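Below is one structure, written out as structure tokens; comments come after it.
The values are calculated or read from the model by the stated rules, or taken from the named source; none is laboratory data. Note that the structure is a prediction, hence the values are computed from the model and not measured. Cβ coordinates were reconstructed from backbone atoms using ideal geometry, including for glycine residues, and neighbour counts include every protein chain displayed. Side chains included, ligands, DNA and RNA excluded: accessible areas come from the protein's heavy atoms. Shrake-Rupley method; radii C 1.70, N 1.55, O 1.52, S 1.80 Å.
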Amino acid sequence: MNWLGWALLSAFFAALTAILGKIGVADMNPNLATAIRTTVILVFTWGIALCTSDRSDWTALAPRSGFFLVASGLMTGLSWLCYFRALKLGDVSKVAPVDKLSVALAIILAVIFLGERVKTQEAIGAALIILGVVVMVK
């Protein structure tokens, strides 16, 4: 399967995350809900990593890569805490689109920090995402 297939599966599972998360967080503290969800993810992903990694994968981990993966993990944790709090307080139909502003923000940050070039259609797509969020949350 190519990148598009994996990305579509990611979008599908992210959509289910919103629905299942909204139901799960309804009667509990959203931070506890995030901790439970994160524990499941931790066990699940370590199981996959241990089953699919070679010893060379572990020894090839550079300190720079480790630093950025830890930083990325912290950002993911902050994102999830905010997301579950938003789900607790708001409707999925409003929270999920605002969360997807991350797509447009990631494009902007990739240009600034990674020097990526954005094609016209990508810039238009990011602008439409922003516009779509504005329309959906009004």
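Across the range 126-138, computed HN-Hα scalar couplings (Karplus, 6.51 cos²θ - 1.76 cosθ + 1.60, θ = phi - 60°) run 5, 5, 5, 4, 4, 4, x, 5, 4, 5, 6, 9, 6 Hz from first to last residue, x flagging Gly and Pro.
Of the solvent-accessible surface of the range 36-114, computed with a 1.4 Å probe and all protein chains present, 74% belongs to carbon and sulfur.
The share of C-alpha pairs in the chain whose separation exceeds 25 Å stands at 41 percent. Computed extension gain for residue 8 through residue 110, at 0.36 nm per residue and net of the alpha carbon distance, reaches 34.6 nm. The stretch between residue 48 and residue 26 holds 4.9 nm of extra length on full extension. This uses 0.36 nm per residue minus the Cα-Cα distance. In this calculation the C-beta distance from residue 136 to residue 82 is compared with R0 = 22 Å, giving a FRET efficiency of 0.75.
Close lysine pairs were tallied over the chain: pairs 8 or more places apart or on different chains with Cα atoms under 25 Å apart number 9. Going by the alpha-carbon gyration tensor, a ≥ b ≥ c the square roots of its eigenvalues, is the range 68-119 rounded (a/c under 1.5) or, if a/c is not under 1.5, prolate (a/b greater than b/c) versus oblate? Judged from the Cα gyration tensor, the range 68-119 comes out oblate (a/c at least 1.5, b/c at or above a/b). Compared with the alpha-carbon gap, the fully stretched path from residue 100 to residue 1 is longer by 33.2 nm at 0.36 nm per residue. Residue 54 contributes about 100 Å² of solvent-accessible surface, heavy atoms of the protein only, 1.4 Å probe.
Does the range 1-49 come out rounded, prolate or oblate, given a ≥ b ≥ c as the square roots of the eigenvalues of its C-alpha gyration tensor, rounded meaning a/c under 1.5 and, failing that, prolate meaning a/b above b/c? In terms of gyration-tensor shape, oblate. Among the protein heavy atoms, those of residue 119 account for about 120 Å² of accessible surface (1.4 Å probe, every chain in place).
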